[in-house]
Amino acid sequence: LIYTGSEGYTNVEKKIRVTPASVFRIASMSKSFTALAILKLRDEGKLRLDDPAHLYIPELKKIKYPTSDSEPITIRHLLTHGAGFPEDNPWGDRQLADSDKELLALISSQPSMSNTPGTDYEYANLGFALLGRIITVVSKKPYQLYIRENIWLQLGMKSTFWEYSDVPDDKLAHGYRWLYEK
């Protein structure tokens, strides 16, 4: 890193300026950490990308696919948004607090399928939620703990948090949007 700079405020009301130490929400960029964790587990020989996902999440074994000759959902399908789940962009934010039990209940209740696995790309947060579950099962650690210990801390990311409530108030960047007034 040669240069860093910042402009604006993390908190407009309190006039707290943005600094290189400010903490911003990363939202779907957490998918990169999920993918990295899956690849790390693959490199350690703990799973294969072409493994059927139901080897790690037995509830997936009961899914009814769109066609009788559909191949089972694989880890690779989940990683590439090719599992056949419909686009669910707003779903992710609404499900953040769901437990593993609730995720597995959703799978057991037959989630919607828009395509056969491996045939089309469709952005699906559900697929990455399932990858998180696979990381938990394979590593025998909660997903967030595994990511923190095996990726963030290994990269020196000591100021990265899962929950905004854990961020020191003077470091948390609050979300704002520009409203154009005539």
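The values are calculated or read from the model by the stated rules, or taken from the named source; none is laboratory data. Note that the structure is predicted; figures quoted are calculated from it, not measured. Because the Cβ atoms are built from the backbone with ideal geometry, glycine has one as well, and the counts that use them run over all protein chains shown. Side chains are part of the model used for accessible areas, which takes the heavy atoms of the whole protein and leaves out ligands, DNA and RNA. Shrake-Rupley method; radii C 1.70, N 1.55, O 1.52, S 1.80 Å.
When the Cα atoms of the stretch 1-64 are aligned to their principal axes, the ranges along those axes come out at 53, 32, 13 Å in descending order. Using only the alpha-carbon atoms, how far is helix 125-139 inclined from the longest principal axis of the chain? Give it as 0 to 90 degrees, nearest 10. Taking the Cα atoms of the chain, the angle to 125-139 is about 80 degrees.
Fully extending the segment from VAL12 to SER32, taken as 0.36 nm per residue of separation minus the present Cα-Cα distance, adds 4.2 nm.
Report in % the part of the accessible area of the chain that belongs to carbon and sulfur, leaving out ligands and nucleic acids; probe 1.4 Å. Here carbon and sulfur together make up 54 percent of the probe-accessible area. The aspartates and glutamates whose alpha-carbon is closer than 14 Å to the alpha-carbon of LYS101, local same-chain residues fewer than 8 away aside, are GLU59. Separation of the stretch 2-55 and the stretch 111-135, taken as the distance between their Cα centroids, equals 20 angstrom. Think of the chain as having a plus end and a minus end, set by charges on the Cβ of Lys, Arg, Asp and Glu; of LEU179, ILE147, ALA83, ILE147 sits farthest toward the positive end of this dipole.
Hey, what D do you get for the stretch 1-108 in µm²/s if you plug the Kirkwood alpha-carbon radius into Stokes-Einstein at 20 °C and 1.002 mPa s? Could you put the intermediate results ahead of the total?
Values: Rh = 17.4 Å.
Rounded, D is 123 µm²/s.
Site pair MET157 and LYS64 shows an inter-label distance of 4.0 nm when each label is modelled 7 Å from Cα along Cα→Cβ.
State, as an integer percentage, the relative contact order of the chain based on alpha-carbon contacts under 8 Å between residues 6 or more apart.
Values: 211 pairs, mean separation 51.3, N = 182.
Relative contact order comes out at 28 percent.
GNM on the chain, alpha-carbon springs under 10 angstrom: the most fluctuating residue among THR67, THR80, THR160 is THR67.
Dividing the helix sum by the residues of the chain, where each DSSP H run of 4 or more adds -39500 (n - 2.57), gives a mean residue ellipticity at 222 nm of -8000 deg cm²/dmol.
Exposed loop sites were defined as GluC sites (Glu not before Pro) in DSSP loop states (anything but H, G, I, E or B) carrying at most 11 other C-beta atoms within 10 Å; in the chain the longest segment without such a site runs 45-162. Dimensions of the stretch 76-182 along the principal axes, based on C-alpha atoms and rounded to the nearest Å, stand at 51, 47, 24, largest first.
Rounded to the nearest 20 debye, the dipole size of the chain about its Cα centre is 400 debye, using +1 on the Cβ of Lys and Arg and -1 on the Cβ of Asp and Glu.
Accessible area per residue for the chain is 64 Å², calculated with a 1.4 Å probe on protein heavy atoms, without ligands, DNA or RNA.
Taking label positions 7 Å along the Cα-Cβ direction at both TYR180 and LYS141, the computed distance is 4.8 nm, reported to one decimal.
Diffusion coefficient (Stokes-Einstein, Kirkwood radius over C-alpha pairs, 25 °C, 0.890 mPa s) for the chain: 133 µm²/s, rounded to a whole number. With a cut-off of 13 Å between beta carbons, the residues surrounding ALA124 carry a summed charge of -3, where Lys and Arg count +1 and Asp and Glu -1.
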